[in-house]
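To start, the structure under review is shown below, and the notes come after it.
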Amino acid sequence: MVQKPDLWSLIQDLKKSDKALQKRSFTLIKRICEKEPDVLAPYFDEFIGLLKSDYHRMRWGSMQILNLITEFALEKTYKNLSVLEETAQTGGIVEKDQWVSILIQLGKKKDYYPHTFPLLLEQIWHAPTNQYPTYMEKATQIVQKEDHEILMHILKSRWDEETTGAKKARIERVLKKLSSLG
């Protein structure tokens, strides 16, 4: 296990102007986080702060870390939904993918589902054509019986956007799963 002072030094390196140093630090932090995400949970606020960076790599790297530590910082994540949502809305596909994963993690918890599921629906509705089938599949992990029809409506509304057989097959599997809930 990496000692916290080492982590703190790596996190502080992210705030320096040297982009190569930032990249190396993110790589190391991500490796640590993938093995022991709980050790980074105490630094949640540092990564939230990095979402304000003008450097795109900093924002999407921070979203990746925040996604990995969400299960160890559920309350803090929930309290920062507006910051995370803003980052996803103004960011690229990496930020949006991480946002969806964060919403799924929170949505698995009964107390957070009523607020996070509508945010997830919004992401699915506005997702690029190549992303919404993946988001739909993830949503089936948490959708509750009373919400399955809304998800089916979005899926059917976007049906004509898909042209590839593989994605249509994925969507059909999601529809079948959702139909079984009703």
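The values are calculated or read from the model by the stated rules, or taken from the named source; none is laboratory data. These numbers were taken from a predicted model, which means no experiment stands behind them. Cβ: placed from backbone, ideal geometry, glycine included. Neighbour counts: every protein chain shown.
Pairing residues of region 7-34 that are free of Cβ contacts under 8 Å to residues at least 60 places away in the same chain with residues that are in a loop (DSSP other than H, G, I, E, B) and loosely packed, with under 13 Cβ neighbours inside 10 Å, at Cβ distances under 9 Å and at least 6 apart in sequence or on separate chains, gives 22/16; 25/16; 32/1. The listed residues are 96, 167, and the only one of them that is free of Cβ contacts under 8 Å to residues at least 60 places away in the same chain and under 29 Å from residue 46 (Cα atoms) turns out to be 96.
Residue count for region 29-57 under the criterion of being hydrophobic (A, V, I, L, M, F, W, C) and over 19 Å from residue 79 (Cβ atoms): the result is 4.
Every residue, every condition in (1) crowded, with 19+ Cβ neighbours inside 10 Å; (2) among the aliphatic types (A, V, I, L, M); (3) closer than 22 Å to residue 65 by Cβ; (4) at pLDDT below 95, yes or no:
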site: 98; (1), (2), (3), (4): yes, no, yes, no
site: 106; (1), (2), (3), (4): yes, yes, yes, no
site: 117; (1), (2), (3), (4): yes, no, no, no
site: 136; (1), (2), (3), (4): yes, yes, no, yes
site: 144; (1), (2), (3), (4): no, no, no, yes
site: 158; (1), (2), (3), (4): no, no, no, yes
site: 167; (1), (2), (3), (4): no, no, no, yes
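Looking across region 5-61 at every residue that is farther than 17 Å from residue 98 by Cβ and among the aliphatic types (A, V, I, L, M), the one that is surrounded by the fewest Cβ atoms within 10 Å (Cβ to Cβ) is identified as 20.
Condition test on residue 109, is it among the basic types (Lys, Arg) and within 24 Å of residue 137 (Cα to Cα)?
Details: among the basic types (Lys, Arg): yes; within 24 Å of residue 137 (Cα to Cα): yes.
Judged against the criteria, residue 109 is a match.
All conditions but one from (1) surrounded by 16 or more Cβ atoms within 10 Å (Cβ to Cβ); (2) at pLDDT 95 or above apply to residue 82; the one that does not is (1).
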